[in-house]
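Q: My questions will all concern the structure given below.
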Amino acid sequence: MLWTWKSDDLRDLEKSLARLEAVKPKETRIALGLYLWDYTGIDETKKADPTYRFGKPTPPDLMELQCGLGLKWLKEGRVCDLVVLGNTHLDIGAPSAPLDAPVDHAARRRKARPLRPSFSYSALSLSDSITRRFLL
């Protein structure tokens with residue numbers, strides 16, 4: 001499993017995958033983890049708010065980068081799965097987790113193989129929205 005903790009490090013995602021591929025056992029498959037939230041970032045507009053804890057949404061350009069590379073690597077067979085970690089950030093309106101499109105069963109358009117639903121229905125619905133925004 002390849003996760004990138006800091007959003008800024010997503011710029012080196014290709015190097016990270018290459019390093020992992022170089023050291024993994026031959027038959028080991030790699031899944032790519034996609035964070036919607038940068039737990040290391042500080043939202044300067046909210047840090048004075050006493051209810052603000054930490055982090056900020058993964059910026060849309062970096063979300064697009066990690067999703068685009070993930071889709072490319074899925075097609076190339078370099079990764080076997082994309083795992084979206086949404087946790088409690090799925091319904092807060094973050095730009096990395098758009099809620100602006102209805103679910104239309106994007107799996108119909110994926111002819112290779114359907115994604116395995118390994119998370120809740122609401123997360124699956126939102127991941128479909130993320131897929132349409134960043135992967136299709």
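The values are calculated or read from the model by the stated rules, or taken from the named source; none is laboratory data. Every value quoted in this text rests on a predicted model; they were computed, and no experiment measured them. Neighbour counts run over all protein chains shown; Cβ positions are idealised from the backbone, glycine included.
Q: Applying the selection to the range 9-32, what residues are part of a helix (DSSP H, G or I) and of a type outside the set (Asp, Glu)? Working first, answer last.
A: Taking the range 9-32 as the starting set, the residues that turn out to be part of a helix (DSSP H, G or I) are 9-23.
Those that are part of a helix (DSSP H, G or I) and of a type outside the set (Asp, Glu): Leu10, Arg11, Leu13, Lys15, Ser16, Leu17, Ala18, Arg19, Leu20, Ala22, Val23.
Q: If Arg78 satisfies all but one of (1) under 29 Å from Val23 (Cβ atoms); (2) surrounded by fewer than 19 Cβ atoms within 10 Å (Cβ to Cβ); (3) under 13 Å from the mean Cα position of the chain (by Cα); (4) at pLDDT 80 or above, what's the number of the condition it fails?
A: Tallying (1) under 29 Å from Val23 (Cβ atoms); (2) surrounded by fewer than 19 Cβ atoms within 10 Å (Cβ to Cβ); (3) under 13 Å from the mean Cα position of the chain (by Cα); (4) at pLDDT 80 or above, Arg78 fails exactly one: (3).
Q: If you scan the range 18-51, which residues turn out to be acidic (Asp, Glu), exposed (fewer than 13 other Cβ atoms within 10 Å of the Cβ) and closer than 16 Å to Asp81 by Cα? Lay out the reasoning, then the answer.
A: Just the residues of the range 18-51 that are acidic (Asp, Glu), to begin with: 21, 27, 38, 43-44, 49.
Those left that are additionally exposed (fewer than 13 other Cβ atoms within 10 Å of the Cβ): 27, 44, 49.
Residue satisfying the conditions is Glu27 alone.
Q: Among (1) in contact (Cβ under 8 Å) with a residue 40 or more places away in the chain; (2) outside any helix (DSSP H, G or I); (3) not hydroxyl-bearing (Ser, Thr, Tyr), there is one condition Glu44 misses while meeting the rest; what is its number?
A: (1)
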